[in-house]
1. Rounded to the nearest whole Å³, what is the per residue volume of the convex hull around the Cα atoms of segment 44-110?
2. From the phi of every residue in segment 65-80, what ³J(HN,Hα) in whole Hz does the Karplus formula 6.51 cos²θ - 1.76 cosθ + 1.60 yield, where θ is phi - 60° and glycine or proline is x?
3. Provide Rg over Rh for segment 225-314; use the alpha carbon set for both Rg and the Kirkwood Rh (inverse mean inverse pair distance).
4. Output the peptides 390-403, 103-116 sorted from most to least packed, where packing is the average of other Cβ atoms within 10 Å over each peptide's residues.
5. Regarding segment 1-92, what's the average projected area of the Cα-atom convex hull, expressed in nm²?
6. Taking amide H atoms as placed 1.01 Å from N in the peptide plane, list the residues 5 or more away in sequence, or in a different chain, whose amide H sits under 5 Å from that of residue 675.
7. Below 8 Å, C-alpha to C-alpha, sequence gap of six or more: please give me the relative contact order for segment 1-90 in percent.
8. Where does segment 281-337 land on Rg(C-alpha)/(2.2 N^0.38 Å)?
Amino acid sequence: MSFSKEEFIEGFVSETREHLDAINDGIIQFKNSPANKELLSVILRELHTIKGTSRMMGYSVIERLSHGLEDVFKGIREEKYELTDHIIQLTFQTSDCIQRVLKKITDDGNDEINISRYIDTFKKASSGLFFTTDNLDIDLIGDEDGAVFELEENDETLENITSIRIDINRINEIIRSFDNLIIRQFRFKHQLEEFESRLNATEGNVLHELPKQLKEDLLQTETAIFDTQHQLLNLRMLPLDMVLTPLKKEVESDALKLKKSIELDIPKTEFLLDKAVLENLKGILLHLIRNSMDHGIELPEERKAMGKPERGHINVFAQQNSNHIIIHVIDDGRGIQYEKIRQKAIELFPNDQKEIEKMSNKELEQYLYISGLSTADKTTELSGRGIGLDAVRADMEKIKGRIKINSKENEGTSFELTIPLSLATQQGLFVHTGNMKLMIPSNYIAEIANVEESDITVIQGQSYISLHNMLIPLYFLSSIIGGEQSEITSSVIVVEYLETQIAIVADSIDQYETVVVNPLPPIMQKLDAVQGVVYDENYAIIPILNIPDIMRRLRRLLAYDIKKYQIKNQRHNFTILVIDDSSTTRQIEQAIFETDGYMVETAVDGIDALEILKTKHVDAIVTDIKMPRMDGLVFLSNIRRLSEYDGTPVIVVSGVYDPDTKEKFINAGAQAFIVKSEFQRGNLLQAVKELLGE
């Protein structure tokens, strides 16, 4: 009787992916230790296993792919030729192709695609002939019926995982239902306290024993509820290694492109994180590692001249601290070039030149997170695209994380990422301001300091407190939330983000709690100062403050009169100039900005725009590239010669992506570049808000 392979597909796919990870890891180790023939045996053994199980399952495409690559490595074992960069690339691309086929098996139940390009390449490689991998991933691959199987970038992305034993959406629904149960439990507890209070006021009541029994039952119920809640939230947890393991292949492939010798050390971990955290974490780590590879690690000849090993080293490791994971990304490269940051910052903010010149290295690091600032001398395929670390900052804010930098010239740079295990729960401090109860997340709280009126210093209208030999700006939470200014209490909350601290004054500080986070209700979704809500026993909404946004708002008040801000208490009306010869594009972009509260001017080309700038002030410019009379590049060159607009943010919206064109605009002073095919309302608004410091 023939077996039903449908029952084994899930196990086959999972097992094959594990074998591919082992092959990718093995080839990296073998490249670094070519004398270790056992590593070669491991690779061949893994390929042989894939070939055998594929044949058993009837998936001939995977069988042929693994068999072809096996022949290539047999040639290395027989010393017909050595391991080359081309063979490494062929291995990685074959691994990616098999991953795509596995996805096709999962989605369609078959592996019927045309792999003739791969088979021809395997034959050349195993015969010791010259071959190239350039064409393998450029074209689309057709199946036997002439249909098209699109080559997507594949690495078993976390976003595509829809089930962990049971569907994740069902888990989320259960958690939401469970949240309601917890709220009702809070209400029950509150009502019991009211009942007990009334009984105590009545002498000789025979019901006095009732609250005691109810309390015991409630305590047991609470214990069971929170234990079940913990188990439910763990259902959404996935291994951190799902993100870390694929990085090795990415780094080895990128190092070949950069012509650098780099070793990536990532010890295995047993940590589990929320799927929502992992989805953003991979991009964060890849960006930091690529920055280390491109800007940090020197070329082999440079390292040799400096007395360093020719092979650069990047170490990524994780450790757990309470309900957070701390991930370190450390390289032994040239370190951050702070004087370059200083000069770039002065170029971007000429009005702040005197202040920037006096800044310490630590203070200068805040500019690394600003869009448009990069210390790269030239753009490359991997980094240096004029976006600095602002992409990392934005993604870290999404997962409620913190990032710290330590760097020494010619010794290297270390990034420390503090990330919550889960976004479902949040530890924090409840505070009151006016008639509002709010929560400050614990991951931003540096300390709670005792402060008296005499400890406050006022400099140019701004209040400061002295703490650990540092002057820390002091703000009243009511300045942002609204309402009357609070009185100075004996305690203020010092919060920290991106190496910057501020002290916050609230009316009172309540208890420290661990709570389940709920998404913002529709009525609150436009409030950037709030990252989520929790509910108390009376169903009252308690906002969780978005500290990064709060700090950005408060920093804009620096050197301004707080009282004037409280009277105004509304957003500055920025004006955006939109330049495009397409009427439809102008209308779309104008609607996007006006809906979000911006004032908009429009122009059909560069000449029209220059006329507008003669009579009206604008805060940011969004321009097309190809336009009649005066194109975007000529227009940009013109305004950069005007003192009033030499630092105005400029965003280029292009119909096509061309690296050379993008580099010309970045060199001419553009801060962002958006391709129309990837255009979305969100990324245009986000780019403008970041450049305007909102």
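Values quoted throughout were computed directly from the atomic coordinates according to the rules given, and no laboratory measurement underlies them. The structure displayed is predicted, hence computed values, not measured ones. Note that each Cβ is placed from the backbone with ideal geometry, even for glycine, and that neighbours are counted across all protein chains shown.
1. Details: hull volume 4.6 nm³, N = 67.
Spelled out: Cα convex hull of segment 44-110, divided by residues, is 68 Å³.
2. My calculation for segment 65-80 gives 5, 5, 5, x, 5, 4, 4, 4, 6, 5, x, 5, 4, 7, 6, 6 Hz in order.
3. Numbers: Rg = 17.6 Å, Rh = 15.1 Å.
Using Cα coordinates only, the ratio equals 1.17.
4. On the way: 390-403: 20.2, 103-116: 15.6.
Per-residue Cβ counts within 10 Å, averaged per peptide and sorted highest first, yield 390-403, 103-116.
5. Orientation-averaged projected area of the Cα hull: 6.2 nm².
6. 654
7. 22
8. On the way: Rg = 13.5 Å, N = 57, 2.2 N^0.38 = 10.2 Å.
The reported ratio for this selection is 1.32.
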